[in-house]
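Engineer: Have a look at this one before I ask anything.
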Amino acid sequence: MMSVTHAVVSATAVSLILQSADPVVLGVAVIASQIPDIDTTESTIGSMFYPIASWIEARFPHRSITHSLLATAAIALLTWLSWLILTYPVKVAIAIPLGYFISCFADTFTKQGVQLFFPEPVWCVCGANPRRRLKTGGRGEYWVMAVSVVVLLISLHFNASGGIVQTATTSLGLKDPSIMRTYNQNAANHRIWATVEGYRASDRAPVSGRFLVVGEDSGFILTDGTKVHHVGKSLITSSLKLEVGKPVTVTTQQLTFDDEEVNPKLKTVTGEAYLNGSLDIDMPEAMQVDTAAGEILTISGSKVTLNYCPVSLAMQALENQWAIGALEVKTYE
């Protein structure tokens with residue numbers, strides 16, 4: 001097989017098996033997929049490390065010692081020892097021997113096959129009909145590469161959303177019945193707190209802590225007053241526990257603005273309140289947005305978007321602003 005085919009097939013298999021879209025994990029799998037072909041100077045890696053490839057080529061047939069289970073075991077052992085010393089992520093450690101083995105196994109579908117059980121001189125070939133086996137650079141190999149690319153893109157899409165199981169769970173709206181029962185029974189007249197462990201879907205940054213549950217839309221909406229997380233969408237959780245807080249009166253109201261000053265109406269809101277919606281303001285250049293506001297209060301042109309923004313923070317940012325639009329106000333008293 002061509003080096004690019006080995007790279008795509010190994011990346012696809014590792015992404016599916018390890019449920020990963022991490023570029024480091026896939027990158028080391030791609031590198032590992034090239035190593036078996038160091039037994040020939042005609043390969044990409046063989047031309048890069050010519051002295052080593054030339055030495056192996058003079059002593060062993062192509063696709064023999066470096067394409068064997070023995071070589072895979074040696075790579076796995078070296079990786080394990082380096083992992084013990086350097087303590088890098090475990091998925092990276094698994095991706096190296098896995099990418100190497102996938103590359104070796106893929107060559108069993110070629111006309112020549114590989115000596116998988118070296119030093120036994122037995123050629124392992126998948127496919128009883130020699131005419132159906134892959135020829136390096138042939139049309140069949142390009143079909144394999146194309147299908148692998150499509151599968152890889154699908155796998156990356158799912159894994160970027162937390163994996164196939166997490167994506168399916170979110171799409172179907174499946175949740176722990178006891179958690180949903182607790183929320184449904186208490187959300188109307190209690191504060192609901194969530195203690196979570198997980199990571200952001202956008203950049204895999206870890207997220208942990210105790211958040212107020214301010215809503216539910218195919219997943220809990222959480223805030224700590226500076227950031228908002230949507231479980232199953234922007235936040236992928238590995239652990240989520242609900243806690244029922246003190247009894248409160250929870251009310252929702254609508255505030256509309258028809259080219260009028262914002263803060264006088266916001267001052268009528270009492271209790272702990274969070275704002276949702278968007279406004280078109282008259283002086284966007286005068287906006288005073290606290291950097292701590294993060295994603296709960298954003299501005300684009302003259303449009304200000306509030307996403308469960310505390311009313312106090314909104315009043316500070318929108319001081320002396322006139323606006324057109326509507327805001328939903330959720331209040332805890």
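The values are calculated or read from the model by the stated rules, or taken from the named source; none is laboratory data. From a predicted model like this one, the values you see are computed outputs, not experimental measurements. Note: ideal-geometry Cβ built from the backbone for every residue, glycine included; neighbour counts use all protein chains shown. These accessible areas exclude ligands, DNA and RNA; they are computed on the full protein's heavy atoms, side chains included. Shrake-Rupley method; radii C 1.70, N 1.55, O 1.52, S 1.80 Å.
Engineer: List pairs: first residue in segment 267-286 and without any contact (Cβ under 8 Å) to a residue 40 or more places away in the chain, second residue basic (Lys, Arg) anywhere in the structure, Cβ distance under 9 angstrom, at least six positions apart or on different chains.
Structural biologist: Pairs that qualify, where the first residue is without any contact (Cβ under 8 Å) to a residue 40 or more places away in the chain and the partner is basic (Lys, Arg), are 284/303.
Engineer: Considering each residue of segment 128-173, count those that are open to solvent by 40 Å² or more (accessible area, probe 1.4 Å), at pLDDT below 85, touching a helix residue (DSSP H, G or I) at 6+ places or on another chain (Cβ under 9 Å) and farther than 30 Å from residue 232 by Cβ, and give that number.
Structural biologist: Adding up the residues that qualify gives 4.
Yes/no per residue for (1) more than 16 Å from residue 307 (Cβ to Cβ); (2) open to solvent by 50 Å² or more (accessible area, probe 1.4 Å):
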| site | (1), (2) |
| --- | --- |
| 236 | yes, no |
| 240 | yes, no |
| 244 | yes, yes |
| 260 | yes, yes |
| 264 | yes, yes |
| 270 | yes, yes |
| 273 | no, no |
| 285 | yes, yes |
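Engineer: Here is a follow-up. Considering only segment 203-210, I want to know if a residue exists there that is hydroxyl-bearing (Ser, Thr, Tyr), open to solvent by 80 Å² or more (accessible area, probe 1.4 Å) and assigned to a strand (DSSP E or B).
Structural biologist: no
Engineer: Right, something else. List, please: which pairs have Cβ atoms under 7 Å, are six or more places apart or on different chains, and start with a residue in segment 198-218 that is within 10 Å of residue 231 (Cβ to Cβ) and end with one that is polar (S, T, N, Q) and open to solvent by 70 Å² or more (accessible area, probe 1.4 Å)?
Structural biologist: Pairs that qualify, where the first residue is within 10 Å of residue 231 (Cβ to Cβ) and the partner is polar (S, T, N, Q) and open to solvent by 70 Å² or more (accessible area, probe 1.4 Å), are 198/238.
Engineer: Of the residues in segment 60-95, how many are under 29 Å from the mean Cα position of the chain (by Cα) and surrounded by 16 or more Cβ atoms within 10 Å (Cβ to Cβ)?
Structural biologist: Of the residues in segment 60-95, 10 are under 29 Å from the mean Cα position of the chain (by Cα) and surrounded by 16 or more Cβ atoms within 10 Å (Cβ to Cβ).
Engineer: Mind counting the residues in segment 40-62 that are over 22 Å from residue 121 (Cα atoms) and of a type in the set (D, E, K, R)?
Structural biologist: Here the count works out to 1.
Engineer: For segment 123-139, check the following and say yes or no: at least one residue is touching a residue at least 60 places away in the same chain (Cβ under 8 Å) and in contact with a strand residue (DSSP E or B) (Cβ under 6 Å, 6 or more places away or on another chain).
Structural biologist: Yes, some residue in segment 123-139 is touching a residue at least 60 places away in the same chain (Cβ under 8 Å) and in contact with a strand residue (DSSP E or B) (Cβ under 6 Å, 6 or more places away or on another chain).
Engineer: Looking at residue 186 and the list (1) touching a strand residue (DSSP E or B) at 6+ places or on another chain (Cβ under 7 Å); (2) at pLDDT below 85; (3) open to solvent by less than 40 Å² (accessible area, probe 1.4 Å), which single condition is not satisfied?
Structural biologist: (2)
Engineer: Out of 312, 218, 302, 234, which single residue is of a type outside the set (Asp, Glu) and in contact with a Gly (Cβ under 8 Å, 6 or more places away or on another chain)?
Structural biologist: 218
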